[in-house]
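Computed from the coordinates by the stated procedures, all read-outs in this text should not be read as laboratory data. Bear in mind the structure is a predicted one, so any value in this text is a computation, not a measurement. Cβ placement follows ideal geometry from the backbone for every residue including glycine, while neighbour counts extend to all protein chains displayed.
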Amino acid sequence: MDPYVQIFENNKAWVQSKLAVDKQFFRNLAKDQKPHYLYIGCSDSRVPANVMMGLDEGEVFVHRNVANLVVGADNNINAVIQFGVEFLKIQHIIVCGHYDCGGVKAAMHPTDMGQLNSWLQHIRDVYRIHQKELDGIEDSHRKYDRLVELNVIEQCVNIAKIDHVQRKWFKTGYPKIHAWVYDLHNGLLKELDMNLEAYFSSIRKIYDLNIPDE
Ligand code: CO
């Protein structure tokens, strides 16, 4: 069968498998969504958010783009984060990068990628911020892995720069922001050692929006 046509067969089989366990599955799912997590990850086809987290439909609010970037001028991600935090009341935001990320690799090399140049520039900025550490790593693969990690951490910082996140963060301590990396070679998730509160307090005078306590 044509692999494209096969998708619809797969879909019917999936619907049947869900209904076999719970006849009300779709009726209940359609009522509302109350996800506990906002997942921001790479578009890479090998990193499926719900599947690797072992979570079901309705449990994760997902945003994916090339190299899991949180860009201040990106209306798309701003809308996702605001909707997630303010309307869905999500208390945990996860930024998940992955080793062997093609976007990060492209940004490490002097290559003209056309339309992608301006997007990858944000990863080059992460390199610039951490140039001293990265230039000190001789092994090129280790350097690549470390840039993947630092890129995740800097995207977490970018979330803390957002006005409505700051408003809620300073008042309630939420949303908690988590930095993860997924390893394509063994399927395992790793939580990065990141003290965002300490990191952000060291740069708060730059990014503080002077939001008054309510
Ligand atoms: Co990637």
Checklist entry - Do we find that Ile123 is β-branched (Val, Ile, Thr), within 16 Å of the ligand (Cβ to nearest atom) and out of contact with any strand residue (DSSP E or B) (no Cβ under 9 Å at 6 or more places or on another chain) in this structure? => result yes
Checklist entry - Consider Asp22 against the criteria (1) more than 27 Å from the chain's Cα centre (by Cα); (2) within 16 Å of Ile93 (Cα to Cα): it satisfies all of them except one. Which criterion is unmet? => result (2)
Checklist entry - Tell me, which residue of the stretch 34-43 that is surrounded by 15 or more Cβ atoms within 10 Å (Cβ to Cβ) and within 9 Å of the ligand (Cβ to nearest atom) is farthest from the chain's Cα centre (by Cα)? => result Cys42
Next on the checklist: Quick check on Val148: is it surrounded by 15 or more Cβ atoms within 10 Å (Cβ to Cβ), part of a helix (DSSP H, G or I) and in contact with a Gly (Cβ under 6 Å, 6 or more places away or on another chain)?
Outcome noted: yes
Next on the checklist: Among the residues in the stretch 176-194, are any within 16 Å of the ligand (Cβ to nearest atom), under 21 Å from Val66 (Cβ atoms) and small (Gly, Ala, Ser)?
Outcome noted: yes
Next on the checklist: Report every pair of residues separated by at least 6 positions or lying on different chains whose Cβ atoms are under 9 Å apart, first residue within the stretch 96-108 and without any contact (Cβ under 8 Å) to a residue 24 or more places away in the chain, second more than 8 Å from the ligand (Cβ to nearest atom).
Outcome noted: Ala106/Met113; Ala106/Leu116; Ala106/Leu120; Ala106/Ile123
Checklist entry - From His141, His98, His92, which residue is surrounded by fewer than 17 Cβ atoms within 10 Å (Cβ to Cβ) and within 16 Å of the ligand (Cβ to nearest atom)? => result His141
Item to check | Subset tally (residues that are more than 16 Å from the ligand (Cβ to nearest atom), exposed (fewer than 14 other Cβ atoms within 10 Å of the Cβ) and in contact (Cβ under 8 Å) with a residue 12 or more places away in the chain) for the stretch 44-82 | outcome: 3
